[in-house]
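Inspection log for the structure reproduced underneath, given as C-alpha cells.
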Amino acid sequence: GYYLFHSEMPRKAFEEEAIVEKLPLKVESLEIWGNRILVGTDQGTLMQYDVLPKQMGQTGNFQVQIKEPLKNFSKKPVMQLSLIRENSNTPLLISISDGLVQLHYLPTFKLFSHLQKSKGCHLFAVNETVDSVIISCAFRKKILLYRLERGHFSIIRELNVGEPARTMDWCGANLCVGMKNKYQMIDIQNNSIRDLPNAPLRGGIPCVTVLPEKLLVSIERNIGAFLDFSGRPTDKWGITWSDMPIAVGYNYPYAIGLLAKNIEVQSLFEGAKFAVQHIPARAKLIKIKGDCIYIAAAKEIWRLVPIPLVEQIDELVRIKSYDEALSLLKHLPAQVGNEDTKTEQIKHIRLLCANHLFEKGSYEGAMDLFIELNCNPQKVLRLFPNMLPRRVQDAQDNRPVKLEGHSERSALQALIKYLRSVRDPVPDTSKVNMLDDYETTTDLNEIIDTSMLRACIQTNDPAIYDLLGGPNRCNLKESVKMLTDATRTHDLVSLYKTKGMHQKALDILTNLSKKRGTGTQELIKYLKDLGNGNLDLILKYSVWPLEQTPAEGIELFMENRSKEEELPPNVVLNHIKSLNHDAAKKITIPYLEWLIHERHEKNADFHNELILEYLSKVLEIKKRAPQATDSRVRAGEERGRLGDIRKLLVEFLESSTCYTAEKLLPTFLCNDLYEERAILLSRLRQHKEALNTHVHHLGDLHLAEEYCDKFYDEDSNDCKDVYLHLLTVYLQPPENKKPMLDAALQLLNKHFDKINAAKALNLLPSDIPIYEMFEYFEAVLRHLSEKKRNNQVISQLLRSENLQVREDKIHETSPPIKIDEDTDCPVCGRSITGSSAFAHYPNGTVVHFGCCKDPHVCPKTGKQFGPAAAEK
C-alpha cells in the first residue's frame, strides 16, 4: 500500500506500424516465417510479404516487399496456417485448405501430403518437440491425433468430445480444448478427458493462451484466470479486460488482447489493475513469434514493436508511476543488465516513490518506505523545516516541504515513528560535549535525537517520555532551549537526569515542591533512582521531603538498591537524627526496622539503636498516660499504642542475637520495664537476677517457671542450675520479704530431677517438718534408684558390646589354618587327621597337641615366641 498503483498519464509498451493496408482479399489466417509473413485469404490465395528493417532515409521501422501470391494454393478459404520443422532444411507449412489439412514444402509450396480423414477439420494445433511432431485436428464431435512417423503422418488416437472445439492449444503433453460453455483437459498419455471446474465459461468466447509455465484462459466475458498445465489454479488474481477478448497473445511481460473495438495490453504481474496500453485498431488475428508480433484485420495487417523494458521503466519513472516501474524492474530478464545495477535502480526508484508519497501527503507510507530502504536519515529530515542544523540543511540539494496545520502534525508524527526505528537505542554518551552548539554539529545520532525531541514537543507525542527516559544524544543547549520555551518542566528534569546533571534537576523539583505546592512525590522518586555515587545530593535534597512528608520521604532510603549503589546506613541514620525532632521521631524506627528485617543488617549498633528507640517510645507513652500501665498485665498485652510498641520491644529483645545486652542493661535498670530487664539478664546468663525480677518485681511465679523451662540444660554449666536458682530466689528473698516455702516445695516436688538434691537440702530451713519433705524424698530416691539401675544396665550392655567387638576383631584378623590328608606332624611324623587335637604356632607350624612340649618354641624351626623372644 505504499506505492501509487497507476498513473493517469498514457504510456506505451508497443509501437504499432501498418504493414499491409487495403488488401484486395479478406485475411483468414496468418503465419510468420522468418522475415516473411504468409497470409491465407478467403479466396484461397496465399499472399507473401517480406518485412525488412528500413533503409536510411525511409520513414517507419520497416520496409515491406510483396512476393508473388499463390493464387492456386487452395480452391477454398485458407482457414489456418502453421509451420513445423521450421529450422530444418525442409520446413513444412500446415494449412486448412481445400477443406483438408494439407502439408506443403517450403519454399516451393509443393504439396507434401494431406492428413488422412482430415476432411471437415475446422481447427488444428501442433505440438512439436525435438523428438516428435503431433497434430491434433478438431472435427464436429471428435478430435484426431496424428504423429509424424517415418516421413508421414498417421492417426494414433481418436477422441470423442461430444461437441465442436472452438479453441485448442497444447500445454506440455496435455491438450486444452475450449468448447462453447466449458474447457476440457485431455491427458494424451492416460487417454483421459476431464472438464476444468476451476475455469467455467460463462458468456464469453473460449480463449486459451499458453504462457511459459501456465495457461491464461477466459472464464467470463472479460475475466482471465491462470491455470497450471493440469488445469489447477495457480494464482488468486487474474486479468480483467475492458471487453470480451476475441483472441489473446503473449509477449513478456504482457498479454495482448484483441477486443471488439481496440487492442488492449495488460501486465501479467500481480497488482496491475489497469490496462497498460490501448491501441485503436479492430483486429481478429494475432500471431507472435519472439518479438515479431502481427495483428490482422480483414483488410489490414499491423506490426507491434516492443519498446525495450529499460526505456519503459524510465518512462514510468518520469510520469511517477513507480509501482509499475518497480514491477517491471524486478522482472527484468537476467540478460538485461546485471543484478547489482538492478538492485541499485530499484532502490533509487523506491526512494523517488517515497519522496513522491511525502509530497502527496502520504506521510506514513513514505516513512515506512524510507525505513525499508535504510535511507540516510538526513535525507528524510531535509523534508522538514528547522530540523537539520543550519550547516547540514544548507548542504542539502532539495528545500524542505511546506507543511501547515493538520498536514504538519501528521507529517511530524510519521517522522517520530521513523526516527524511533532508526535511532540508536543505546547511544554512546561518553564523549558528548554538553556545551556543543547544535547548529555546528555533524553527529548523526545527535541530529536524530534532537530532531525527534523537537517533533515530540511540537506534536505533544508521548514518545518524548521514552526518548528522555533513557540514554539519548539530544543536544543539551538546543534541548534545554526547546523545553524551556515550551514550558515542559518535567521533561526538562528528565533531560537533566539522563545527562547526569542531577543537581539542576533536583533544584527544579525542589522549587516546584516549595513554590507551587506540587508535593514531594516527584522529588522522592527522583532521589530513589540515585545511588551511593550521589550521596551528598541525596542528603542535601532529602531534607525537604523528609521534614514535610516523613512517611513518604523515608521511602527513598528504604529503596532496594544494588550492592554498588547501597547507601551507608550509619550516614543515613545520622542524617535522619539531624532533622527536626518531629520528623526524626517519626522515621527513625521505620528505617531501623527496614534495615534489620529487610536488609538483615547484623551490626550491633543498629540493633541497640532500635531497642533504645522502642524504649524511648514506651517511656514517652507511659509518661503521657501513667494510668495505661497495669502491673497485672504482661508486657505487650496493654491496650492501645503502649501494648503495640512494647510487644515489638519484647519480641525484638527475644529474637535478635546481635544487640549488646551489657550496654543496654543499665538503661533498663532505671525504669520499671521488668520483663524487658529479665530478657537482658538472661542474655547475660544472669539467671538468678532474671528470676528474682520475675518473682519479686513482677510477682509472676508461672512466668519464672516458664523461664526455667526455657533455659534449663543439664549439659550446660550456665543453665543446669537454673531451677536451683529459682529455689534460691524463693527461699532467700530480699530483706523485706518472707521466704516462699510453699512455692519452693512445689518446685522441688515438680522438678526434683532437675535440682541437685544436696544443694537443695542445704537451702531448706532446718526446722521444716520431715513429713512435708516425704513426697520429695520419695521421688528423689526413686529417681536415683532408677537412674542407678539404668546405669548398671547400660554398663553391662556396653561391656557385652565390647566383648562382641573384640571377638569380631579376632575372627577378622586371624589367618585360616588349613589341615588336609597330606598334613603331617613334624614331631612324630604321623598324619594329623580331622578328629585329632592340634596346636598351631604363630609361624604356621601345626603339631599334634600331645607333641606340643613348649608352646613358646616351635619344634620344627626352634623359633621362640612370647616373653622369652621379646627379651632377646
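Please compute the modelled spin-label separation between residue 814 and residue 570, points set 7 Å along Cα→Cβ, answer in nm with one decimal.
In this crude label model, residue 570 to residue 814 measures out at 7.3 nm.
Does the range 199-267 come out rounded, prolate or oblate by the C-alpha gyration tensor, with a ≥ b ≥ c the root eigenvalues, rounded set by a/c under 1.5 and, if not, prolate when a/b is larger than b/c and oblate if not?
The shape class here is oblate.
Just the accessible area per residue of the chain, please: how many Å² with a 1.4 Å probe?
54
Rounded to the nearest percent, how much of the accessible area of the range 447-516 (1.4 Å probe, protein heavy atoms only) is carbon and sulfur?
Answer for the range 447-516 is 48 percent, counting heavy atoms of protein chains only.
Given the Cα-Cα distance of residue 644 and residue 23 and 0.36 nm per residue of separation, how much length would full extension add, in nm?
Extra length from residue 644 to residue 23 when fully extended: 211.6 nm.
How many nm is it between the label spots at residue 851 and residue 429, if each spot is 7 Å from the Cα in line with the beta carbon?
It is 10.6 nm.
Based on the mean of other Cβ atoms within 10 Å per residue, sort peptides 260-270, 216-226 so the most packed one is first.
The densest-packed peptide leads the list: 216-226, 260-270.
In whole Å, what is the distance between the alpha-carbon centres of the range 723-760 and the range 190-259?
Using only Cα atoms to place each centre, the spacing works out to 117 Å.
Apply 1/(1 + (r/R0)^6) to the Cβ-Cβ distance of residue 16 and residue 173, taking R0 = 30 Å, and write down the FRET efficiency to the nearest 0.05. Write down the numbers at each step before the final one.
Details: r = 36 Å, r/R0 = 1.21.
Here the calculated transfer efficiency is 0.25.
Measuring from the lowest to the highest alpha carbon on each principal axis, how far does the chain reach, largest first, in angstroms?
168, 120, 59
Kirkwood Rh over Cα pairs of the range 203-316 into Stokes-Einstein at 20 °C, 1.002 mPa s: D in µm²/s?
In µm²/s, the coefficient rounds to 147.
For an R0 of 25 angstrom, estimate the FRET efficiency from the Cβ-Cβ distance between residue 86 and residue 116 and round to the nearest 0.05. Can you show the working numbers first?
Values: r = 24 Å, r/R0 = 0.96.
Given R0 = 25 Å and the Cβ-Cβ separation, E is 0.55.
Subtracting the Cα-Cα distance from 0.36 nm times the residue separation, let me have the gained length for residue 109 to residue 198 in nm, one decimal.
27.7 nm
State the percentage of accessible surface on the range 202-335 attributable to carbon and sulfur atoms; use a 1.4 Å probe and exclude ligands, DNA and RNA.
C and S atoms contribute 53 percent here.
Positive end of the dipole of the chain, charges at C-beta (+1 Lys, Arg; -1 Asp, Glu), about the Cα centre: which of 302, 549, 752 has its Cα farthest in that direction?
Most positive-ward Cα: 302.
Between residue 598 and residue 465, what FRET efficiency comes out of the Förster formula 1/(1 + (r/R0)^6) with R0 = 35 Å and r the beta carbon distance, rounded to 0.05?
It comes to 0.70.
Quick check for you: which residues of the range 706-730 have the amide N under 16 Å from the point 7 Å beyond the Cα of residue 794 toward its beta carbon?
In the range 706-730, the label zone of residue 794 (backbone N under 16 Å from the point 7 Å along Cα→Cβ) covers 714-716.
Rounded to the nearest 20 debye, what is the charge dipole size of the chain about its Cα centre when +1 sits on each Lys and Arg Cβ and -1 on each Asp and Glu Cβ?
Numbers: 111 positive and 115 negative charges, 856 e Å.
The dipole magnitude comes to about 4100 debye.
Choose one of 513, 726, 88: the residue whose Cα lies farthest towards the positive end of the charge dipole of the chain (beta-carbon charges +1 Lys, Arg; -1 Asp, Glu; about the Cα centre).
88
If N is the number of residues in the range 79-210, what value comes out of its Cα radius of gyration divided by 2.2 N^0.38 Å?
The reported ratio for this selection is 1.06.
What is the spread of the Cα atoms of the range 635-693 along each of their three principal axes, largest first, in whole Å?
32, 24, 17
How large a share of the accessible area of the range 742-852, in percent, is made up of carbon and sulfur atoms when the probe is 1.4 Å and the other protein chains stay in place?
The nonpolar share, carbon plus sulfur, comes to 53 percent.
Using a basic spin-label model with each label point 7 Å from the Cα along Cα→Cβ, how many nm lie between residue 210 and residue 299?
Rounded to a tenth, the inter-label distance reads 3.5 nm.
How big is the shadow of the Cα convex hull of the range 293-393, averaged over all directions, in nm²? Provide the component values of the computation, followed by the final result.
Details: hull surface 37.6 nm².
Approximately 9.4 nm², given one-decimal rounding.
Hey, what's the Cα Rg ratio for the range 400-552 versus the globular rule of thumb, 2.2 N^0.38 Å?
In units of the globular-protein estimate, the range 400-552 measures up at 1.16.
In the chain, if the dipole is taken from +1 on Lys/Arg beta carbons and -1 on Asp/Glu beta carbons about the Cα centre, which of 558, 538, 38 is farthest to the positive end?
Going by the charge dipole, the pick is 38.
Explain nothing, just compute: Karplus ³J(HN,Hα) = 6.51 cos²θ - 1.76 cosθ + 1.60, θ = phi - 60°, for every residue of the range 104-114 in order, whole Hz, x for Gly and Pro.
Values per residue, Gly and Pro as x: 10, 6, 10, x, 7, 6, 6, 5, 8, 5, 10 Hz.
Compute the length gained on full extension between residue 391 and residue 833: take 0.36 nm times their separation in residues and subtract their Cα-Cα distance, giving the result in nm to one decimal. Can you show the working numbers first?
Values: separation 442, 0.36 × 442 = 159.12 nm, distance 12.36 nm.
Roughly 146.8 nm would be gained on extension.
For the chain, calculate the relative contact order in percent as a whole number, restricting contacts to Cα pairs under 8 Å that are 6 or more residues apart.
Relative contact order, the chain: 5 percent.
The values are calculated or read from the model by the stated rules, or taken from the named source; none is laboratory data. Here the structure is a predicted model, which means the values were calculated and not measured. So basically every Cβ, Gly included, is an ideal-geometry build from the backbone, and we count neighbours across all protein chains shown. With ligands, DNA and RNA removed, areas are computed over all heavy atoms of the protein, side chains included. Shrake-Rupley method; radii C 1.70, N 1.55, O 1.52, S 1.80 Å.
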